[in-house]
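The structure appears below as structure tokens.
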Amino acid sequence: MANIAVIGTNYVGLVTAACFAELGNQVVGIDIDPGKVERLGRGQLPIYEPGLEEIVVQNIKAGRLRFTLDYVEGLDKAQFAFVCVGTPSGIEGEADMSQVKAAAHSLGKYTPSERSLIVVNKSTMPIGTGDWMLPTLERASSGSGARFRVVSNPEFLREGSAVDDFRHPDRVVLGGTEPEAIDRVAGLYRDLQPEPPIIKTDIRTAEMIKYASNAFLATKISFINEIASICERLGADVKEVSRGMGLDRRISPEFLEAGVGYGGSCFPKDVKALAHMASMAGAHPQLLRAVMEINRDMRKLVLQKVRGTLGSVEDRVIGVLGLAFKPNTDDLRESPAVEIIHLLQSEGARVRAFDPAANSAARALVPGVELCSDAYAVAEEADALILMTSWSEFRRLDMERVRQSMRYPLLVDGRNLYDPQEMVAKGFFYQPVGRPAAEQAPAEAPAPTYAAEPVAAPSRAA
């Protein structure tokens, strides 16, 4: 059993803290937000992540997990401190390290005298962070006699499946200069079953592994979206293309789903940050820039499909199914749906939306949008319906009921969730991504009749 402090209690920090506690360790989560710490102490999570709440509550009750605002309390017995704070994008795409620097300063200042503490960089940090982390810790300790060792241990958690990813990692990457410190961190993971492969390397290589992994996955998504755009023009079906490619063991089917592109807290900021680091180092990251450009273009493609059918979205009621950047999360960071909603609003559309988990979180991000209690309310009298997030419940909708409630049957499937022939048979004018156009001539779109009406109040809000 180890005593672990986790700095930061959002996605990475909270999953890390809860899952290490589940393995039998004594874990203290440290955060600077009083309201969050108070709610976490009662087992109320600030995020939606399947399976996580149960683990948090169980380990609080078992006395293995607690939360505090106080670094002195949190570090009282700590042998390890996992830094899990945010590294958002800066103005030029660089990683904003202000939260990491603040955490390093507090760790150095409040680690008890004569303590040996292994500081584990869990957040996604730019290559070279480990070089300045140790001097920062030592300066902040002001000669207290505390000894620090730094290990890079990048996370590879996917929102929506983060608990399972922690329990069953593909690999654990550890970078450092002291083999004994690396071995001690590796020991924390050896209770996982089956025991994961552990890669031991230097700090800069460990930091680069995380960036390179995310950049490659983002590239794979943008590649299949580029192919989807070509398929639309040449009459091929990108779903079948993806299937044929994915059966090749050298390629695999993962991340080969064409659609409106990637979003979330990792891929957008990490690709930007890696491109920025490359440019500052004198490299020329043309591929990374193309990946970002293709991803932006996929948002525009969805709007073009709606505009191309309706002529204009001004004064049209447009329904959006899904707001989170992916299913099984309420995360709206870099969400394609949020960007498309803003584009629709800028052209005068009246937007309704529903997400099974992200409605509440969306209120501040999409003002003027009528947030509905379910998908059927979104479709009522709508001129078009855009599917943006592939929640499983959207697969189970009564699509005949959806069609009958719409004013005009335009369905833009931004995730290729539905079968084209089935949607055509149900009377939709169906527009997928990268698939042959449905063999159905749409009825003439009715003229908008909403110009004189005020935007509906969110009476349907969940």
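Read the figures in this text as sums done on the coordinates, not as results from a lab. Computed from a predicted structure; not experimentally measured. Here the Cβ positions follow ideal geometry from the backbone for every residue, glycine too, while neighbour counts run over all protein chains shown.
To the nearest 10 degrees, how steeply does helix 286-310 sit against the main Cα axis of the chain, on a 0 to 90 scale?
30
What shape does segment 41-176 have by the C-alpha gyration tensor, where a ≥ b ≥ c are the square roots of the eigenvalues, rounded means a/c under 1.5, and otherwise prolate means a/b greater than b/c and oblate the rest? Intermediate results must be reported in sequence, preceding the final value.
Numbers: a/c = 1.79, a/b = 1.24, b/c = 1.45.
Oblate is the answer for segment 41-176, as a/c is 1.5 or above yet b/c matches or exceeds a/b.
Hey, got a sec? Which trypsin sites (Lys or Arg not before Pro) in segment 22-71 land in a DSSP loop and have at most 14 other Cβ atoms within 10 Å?
On the way: sites: LYS36, ARG39, ARG42, LYS61, ARG64, ARG66; in loops: ARG42, ARG64.
Qualifying residues, ordered by number: ARG42.
Among VAL163, VAL6, what is the fewest-to-most ranking by other Cβ atoms within 10 Å? Walk me through the intermediate numbers first.
Details: VAL163 19, VAL6 30.
So the residues, fewest neighbours to most, are VAL163, VAL6.
If amide H atoms are built 1.01 Å from N in the plane of the peptide, which residues on other chains or at least 5 residues away come under 5 Å of the amide H of VAL173?
Under 5 Å from the amide H of VAL173: ILE199.
Please list the non-local residues whose amide H lies under 5 Å from the amide H of MET406, H modeled 1.01 Å from N, same-chain partners needing a gap of 5 or more.
Amide H neighbours of MET406, under 5 Å, 5+ apart: GLU381.
Enter the angle in degrees (range 0 to 90, nearest 10) between the Cα long axis of helix 336-346 and the first principal axis of the Cα atoms of the chain, meaning the one along which they spread out most.
Approximately 50 degrees, to the nearest ten.
Between LYS77 and ASP164, what is the spin-label point distance in nm, taking each point 7 Å from the Cα along the Cα→C-beta axis?
Roughly 3.4 nm, to one decimal.
Alpha carbons only, please: Rg and Dmax for the chain, in angstrom.
Here Rg and the maximum Cα pair distance are 24.3, 78 Å.
Can you give me the angle between helix 11-22 and the longest principal axis of the chain, using Cα atoms only, in degrees from 0 to 90, rounded to the nearest 10?
Rounded to the nearest ten degrees, it is 60.
Sum -39500 (n - 2.57) across every DSSP H segment of at least 4 residues in the chain, then divide by the residue count to get the 222 nm mean residue ellipticity, nearest 500.
On the way: 18 runs with 194 residues, N = 462.
About -12500 deg cm²/dmol.
Once phi is turned into ³J(HN,Hα) by the Karplus curve 6.51 cos²θ - 1.76 cosθ + 1.60 with θ = phi - 60°, what whole-Hz value does each residue of segment 141-156 show in order, with x for glycine and proline?
With coefficients 6.51, -1.76 and 1.60, one gets 6, 6, x, 6, x, 5, 10, 10, 10, 10, 10, 8, 9, x, 8, 10 Hz.
What percent of all Cα-Cα pairs in segment 300-431 falls in each 10 Å bin, counting up from 0?
Spelled out bin by bin, segment 300-431 gives 14, 50, 33, 3 percent.
Report, as a whole number in µm² per second, the diffusion coefficient that Stokes-Einstein gives for segment 173-329 at 20 °C and 1.002 mPa s using the Kirkwood radius over alpha carbon pairs. It would help to have the intermediate numbers written out before the result.
Values: Rh = 18.8 Å.
Estimated diffusion coefficient is 114 µm²/s.
Could you please rank ASP183, ASP237, ASP398, placing first whichever residue has the fewest other Cβ atoms within 10 Å of its Cβ? Before the final figure, lay out the partial values.
Working: ASP183 14, ASP237 17, ASP398 11.
So the ranking, lowest neighbour count to highest, is ASP398, ASP183, ASP237.
Once the Cα gyration tensor of segment 211-293 is found, what semi-axes does its equivalent ellipsoid get, as square roots of 5 times the eigenvalues, in whole Å, sorted largest first?
Values: eigenvalues 131, 36, 25 Å².
Equivalent ellipsoid semi-axes, largest first: 26, 13, 11 Å.
For segment 211-293, what relative contact order do you get, as a whole percent, if you take Cα pairs closer than 8 Å and at least 6 residues apart? Please report the intermediate quantities before stating the final value.
Numbers: 73 pairs, mean separation 31.5, N = 83.
Computed over segment 211-293, the figure is 38 percent.
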